[in-house]
Amino acid sequence: MNYSFTLNDLLFMSQGALITFVLTISSGIIGTFIGFFIGWARSSSSKIIFYLLGIYIDIIRSVPLILQFVLFNSFMAIAGYPMDPFLSGILTLSVYISGYVAEVILAGINSVPKVTRNSSRGLGMTYLQDFIFIVIPIGFKNIFPSWTGLMLGLMKDTSLIAVMGATPPELLRSSQIIINRVHEPILILLGAGVFYYVMCYLITYLAEKYEEKNHIKSMEIR
Amino acid sequence: MLDYTFQWKVVWKRLPDLFEGAILTLELTILSSIIGLLIASILVIWQKNDNIFLRNFTKTWISIARNTPALLQIYIAYFGLGSFGIHLSSYVAVLGAIAFNNAGYMTEILRGGFSSVSKNQNQAAKGLGLNNFQTYVYVIYPQVLKTVFLPMTNQFIWAMMGTSLGIIIGLQELTGMTTFLQSQTFRPFEFYFIAALIYIFISKSILLSSGFIAKKYLRI
Amino acid sequence: MIKIKDVHKSYGDLKVLDGIDLEVNNGEVVCLVGASGSGKSTLLLCVNALEGIDKGEVLVDEISVHDKNTNQNELRKKLGIVFQQFNTFPHLTALNNVSLALKLVLKMSKKESNDLAEEHLIKVGLKEKLNHYPSELSGGQQQRLAIARALAMSPSYLLLDEITSALDPELVGEVLDTLRMLADEGMTMIVVTHEIPFAREVANRVAFFHEGKIHEIGSPKDLISNPKKIRTKEFLSKIL
Ligand SMILES: Nc1ncnc2c1ncn2[C@@H]1O[C@H](COP(=O)(O)OP(=O)(O)O)[C@@H](O)[C@H]1O
Ligand SMILES: [Mg+2]
């Protein structure tokens, strides 16, 4: 058995980083999709729907992700549909992030001044036209920085799913596998840290470039 | 689904154990938030220090805390430091890592709080003859408190979520304890469900009381 | 008496005060006028040591303000300052805005300070607003609160920096009335203002600032009605 860190291990970790990326993007897309509709529903419907969905968001935000994951898995097991942890991981992450996205979306919709909406409706636009051509473009600019922040958080949170045994291993899990053989925890963990750091940095950098180009000003919503 | 009968009695019997876990969760949350806040209060000053070393130190701390997963930070504290002959218990590792993480985020919250108080307030207080200490205690800090109070509450809840990672290195805080109990009784869903309720109850209590304080005493 | 002697000050490369000489006698009201950016506010900040100076000296009752042996907090008790942007404390009620420094700086008891604060708030016409927060007051009321806050400290001198500029026109009168009352009581004041009619009526002397210097100074009659220098004329014709 080989006890030293090899090029293969680096490759293995890069593969892990790729899985981290896949997890982030897939649950990011699904979660944003769900969150968008929840946020929208909360902005425009009755008080009852507003509060019911508020409970959904509250629950998501006050139960640890890891617990949501095992709870979901055990529920699917007793329901008779045991699920592959990788898939249930993506689903849990999606639902989890949707709660945060919904809040940001709601803030984005509310950030569009009432007068603006009134004037577009006054021009004869339908509700949907106003929403698609006025509210979304304006709101999008306002929430873009917060949304990017959520996606960064999501990427870091994917590390959680791995320890529950999802395969293929993502970045942190693959580092752990290497540690079990090589016994150089600090080096490998720092290496994993560098991977995460670079990925976060890259996303932040791209987002900032995009913000600059489109004159988006940071508006923190948390 | 149809042939499964829920058995809540098992959970009921082990409720004291769950509470024990919940208390450890709360303890870790409170301690890591206090330590994080103390460090953040220093970092926010160093952030503007003339000394370039202190400035960069702060910058590095914040960006590592924010750009790497909390779980990785716990791993480094628990496994990684072993390489230097430092062997932390899982309790200390979780406490240290979450405090480290808290400090990074809280520094940013405090910075935002200070920048929201206009420089003129300082001049107005000094102009009335208040000394530096009085200016901070009676004029600047109360205003900073107003802006940071709710973000800090959110950070506190986040810290509580973070302590659940303790399960991964064998700590029996609420999540860890629950996992231990369900493995003995083979009733995972019931146990996890009740644990989730306890988390929700604690978060909600914190949010409600901080909302109350904000309204009643801070006029937010 | 305030003596300003050859005061120089720069922010980085920007020369803001370029040799200011000015003496203000007790009981005198001196108005400072001049274009924005000419250094008027900076001079006021230098008089009560909220800003340091590069060269020269400021004496208040013969005490050198910027001497490092001077206790500046002690000195500021003599000098009340009121700013253009009010700078009331948003987290305190009107009463506490005024009583805070009475307690902390003048070491008055709670009762004493509250009574005195109330008295001054009544004097500026805020009797009904004692327990209101600044956010619940109009601009004019906030500015009168700031004046009461400064006056309650019983300063020997008042430094007022464009205290009507941020107010809606209909609120300017109420604040100027307060100043007239103070001038009648013999308060010594340095007043930065763009209210030329007010300066003409109340000031003993008017100084015209230009690029960090006192370009021209004289009685209101001379300076406002008969300016000698071309720049003074230009400035006055613009704002009158
Ligand atoms: N704290 C500061 N730092 C840098 N420059 C300043 C500062 N305060 C004022 N200035 C500059 O000094 C000049 C004079 O300002 P000020 O005294 O406020 O003029 P005035 O009150 O006559 O309008 C201006 O150009 C202003 O931008
Ligand atoms: Mg000015």
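The values are calculated or read from the model by the stated rules, or taken from the named source; none is laboratory data. Here the structure is a predicted model, which means the values were calculated and not measured. Note: ideal-geometry Cβ built from the backbone for every residue, glycine included; neighbour counts use all protein chains shown.
Miscellaneous remarks
- Count of region C:1-45 residues which are in contact with a helix residue (DSSP H, G or I) (Cβ under 7 Å, 6 or more places away or on another chain), closer than 18 Å to C:Thr193 by Cα and more than 16 Å from ligand 2 (Cβ to nearest atom): 1
- Picking from residues in region C:64-90 that are of a type in the set (Val, Ile, Thr) and surrounded by 15 or more Cβ atoms within 10 Å (Cβ to Cβ), the one that is nearest to the other protein chains (Cβ to nearest Cβ) is C:Ile81.
- Leading residue by the ranking (farthest from the other protein chains (Cβ to nearest Cβ)) among those in region C:21-47 that are part of a loop (DSSP other than H, G, I, E, B) and within 15 Å of ligand 1 (Cβ to nearest atom): C:Ala35
- The residues in region C:211-240 that are buried (at least 16 other Cβ atoms within 10 Å of the Cβ) and within 22 Å of C:Ala166 (Cα to Cα) can be counted, and the count is 2.
- Of the residues making up region C:47-62, those that are within 16 Å of ligand 2 (Cβ to nearest atom) and touching a residue at least 40 places away in the same chain (Cβ under 8 Å) are C:Val47, C:Asn48, C:Glu51.
- The one condition in (1) free of Cβ contacts under 8 Å to residues at least 24 places away in the same chain; (2) within 22 Å of B:Ile23 (Cα to Cα); (3) more than 10 Å from chain A (Cβ to nearest Cβ); (4) crowded, with 19+ Cβ neighbours inside 10 Å that B:Phe156 fails to fulfil: (1)
- Filter result for the condition that a residue is within 16 Å of ligand 1 (Cβ to nearest atom) and away from every other protein chain (no Cβ under 14 Å), over C:Ile217, C:Ile224, C:Ile190, C:Ile230: C:Ile217
- Check on C:Tyr157, over 24 Å from C:Val7 (Cα atoms) and at pLDDT 90 or above: no
- Test: A:Met83 is outside any helix (DSSP H, G or I) and surrounded by 13 or more Cβ atoms within 10 Å (Cβ to Cβ): yes
- Those residues of region A:86-101 which are more than 14 Å from every other protein chain (Cβ to nearest Cβ), in contact (Cβ under 8 Å) with a residue 12 or more places away in the chain and over 19 Å from B:Phe193 (Cα atoms), in sequence order: A:Phe86, A:Ile90, A:Ser94, A:Ser98, A:Val101
- Residue count, region C:48-65 (criterion: within 12 Å of ligand 1 (Cβ to nearest atom) and not acidic (Asp, Glu)): 2
- Residue check, B:Ala77 free of Cβ contacts under 8 Å to residues at least 40 places away in the same chain, within 12 Å of another protein chain (Cβ to nearest Cβ) and within 20 Å of the chain's Cα centre (by Cα): yes
Quick grid of which residues meet (1) modelled with pLDDT under 95; (2) buried (at least 20 other Cβ atoms within 10 Å of the Cβ); (3) more than 9 Å from chain A (Cβ to nearest Cβ):
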position	(1), (2), (3)
B:Ile167	yes, yes, no
B:Gly170	yes, no, yes
B:Gln182	yes, yes, no
B:Ile200	no, no, no
B:Ser209	no, no, yes
B:Lys215	yes, no, yes
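- Filtered residue count, region C:63-83, keeping only those that are away from ligand 2 (no atom under 16 Å from the Cβ), touching a residue at least 40 places away in the same chain (Cβ under 8 Å) and assigned to a loop (DSSP other than H, G, I, E, B): 2
- Cβ-Cβ under 8 Å pairs, at least 6 apart or on other chains, region C:8-20 side away from chain B (no Cβ under 14 Å), far side β-branched (Val, Ile, Thr) and within 14 Å of ligand 2 (Cβ to nearest atom): C:Lys9/C:Val16; C:Lys9/C:Thr42; C:Ser10/C:Val16; C:Val16/C:Thr42; C:Leu17/C:Thr42
- Residue tally, condition within 14 Å of chain B (Cβ to nearest Cβ) and either within 9 Å of the chain's Cα centre (by Cα) or not in a loop (DSSP other than H, G, I, E, B) (or both), over region A:141-172: 20
- Any hit, region C:203-212, residues being under 17 Å from the mean Cα position of the chain (by Cα), more than 16 Å from ligand 2 (Cβ to nearest atom) and under 25 Å from B:Lys126 (Cβ atoms): no
- Considering residues of region C:110-138 that are of a type in the set (S, T, N, Q) and at pLDDT below 95 only, the residue surrounded by the fewest Cβ atoms within 10 Å (Cβ to Cβ): C:Ser135
- Selected residue (criterion: surrounded by the fewest Cβ atoms within 10 Å (Cβ to Cβ)) from residues of region B:80-133 that are away from chain C (no Cβ under 13 Å) and among the β-branched types (Val, Ile, Thr): B:Ile86
- Within region C:146-172, if we keep just the residues that are of a type in the set (Val, Ile, Thr) and within 16 Å of ligand 1 (Cβ to nearest atom), the residue that is surrounded by the fewest Cβ atoms within 10 Å (Cβ to Cβ) turns out to be C:Thr164.
- For region B:54-79, filtered to residues that are within 24 Å of B:Pro151 (Cα to Cα) and of a type in the set (S, T, N, Q), the residue that is surrounded by the fewest Cβ atoms within 10 Å (Cβ to Cβ) is B:Thr60.
- Of everything listed in (1) in contact with a helix residue (DSSP H, G or I) (Cβ under 9 Å, 6 or more places away or on another chain); (2) in a strand (DSSP E or B); (3) at pLDDT 95 or above, the single unmet condition for C:Asn96 is (2).
- Test: B:Ser83 is of a type in the set (Gly, Ala, Ser), part of a helix (DSSP H, G or I), modelled with pLDDT under 95 and in contact with a helix residue (DSSP H, G or I) (Cβ under 6 Å, 6 or more places away or on another chain): yes
- Every test in (1) within 13 Å of another protein chain (Cβ to nearest Cβ); (2) touching a residue at least 60 places away in the same chain (Cβ under 8 Å); (3) under 17 Å from the mean Cα position of the chain (by Cα) is passed by B:Arg66 save one, and that test is (2).
- Condition check for C:Thr88: assigned to a loop (DSSP other than H, G, I, E, B) and over 14 Å from C:Val47 (Cβ atoms): yes
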